[in-house]
Amino acid sequence: MISFREGLEAFLVVGIILAYLGRMNFPSARKWVYLGVGLGIFAAFALAFVFQVVLSGFESGLMEKYLKAGIMGFAVVVLTYVMAWMSRNSRMIKGAVEQEINAAISAGNMAALMLVAFFAVVREGLETVLFLGALYGGGMDSGVLAGVALGLALSLIAAMALFRGMKGLPVKTFFRITGLLVLVISAGLLINMIGILQDINAIPLLAPGIINLTWLLDDGSPFGIFLKALFGYTSQPSLTQIVAYICYMTVAYLAIFREKDHEKPVEEANLAHAR
């Protein structure tokens, strides 16, 4: 889901750039866009390699626990910020990208056009590396990489479908749905972070194993491990984890997604008052 969402954002931005250049009858500038995309992909892979090497250097010991907990906490903050930004600005992405293109073309600065595409790709690549590092640490095996590749392939297909009008779902609604799923993933990262900090006695362990779901699904089973890595599933959560999960989900949803639900009535009321 993470590679799918981040890949979709990057493909949409690049697609907007290419479509806008075609509409302005400026196809010669597309090579700069492709160059920016290529450099962005290279930079993303380089960051992934460095990240993997750093994490692999802490395969044992207390520092590894602190490092993983720190990465998870940072990932939760970044994920929450990205969801909030996308929720508020999903309508304006196309206009903002076109403004950047106009500025680059007007100044005759093709390097700036290349940088727009570069940062669109490398930003999403960096976020993907960060989130996967928080989920899997230095143990990203071939199965994880295959999942990332599948997510990117599906995101490319989805972006093409959206541009060609084959999908009736608006981009804003699409990002809202995927945003809710990413919110659950972010909450899972928070739970895993708390679990690590409790294991090393960095934070108080309140009512350990207050709920026992081992009889239903052990988090050590293959499917339980999958749910734990992706959504933070724990078969014997502590009270601290349960409270943190509920509080985060409630506050994040009300602050990010419910805000949009209240904007439309306010806008309609303002229009009615103006009339």
(message) Highest mean first, how do 209-215, 115-121 rank when packing is the count of other Cβ atoms within 10 Å averaged over residues?
(response) 115-121, 209-215
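If packing is taken as the mean number of other Cβ atoms within 10 Å per residue, what is the order of 189-195, 150-156, 45-51, 69-75, highest first? Mind showing how you got there, number by number?
Details: 189-195: 23.6, 150-156: 16.6, 45-51: 14.4, 69-75: 19.7.
Highest to lowest by the protection proxy: 189-195, 69-75, 150-156, 45-51.
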(message) Could you derive backbone 3J(HN,Hα) for segment 245-252 from the dihedral phi with the Karplus parameters 6.51, -1.76 and 1.60 (θ = phi - 60°), listing whole Hz in sequence and x where the residue is Gly or Pro?
(response) 5, 5, 5, 5, 4, 5, 5, 5
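No value in this document is a laboratory result; all are computed from the given coordinates. Just so it is clear, the model here is predicted, and its values are computed rather than measured. Positions of Cβ are backbone-derived with ideal geometry, glycine not excepted, and every protein chain shown enters the neighbour counts.
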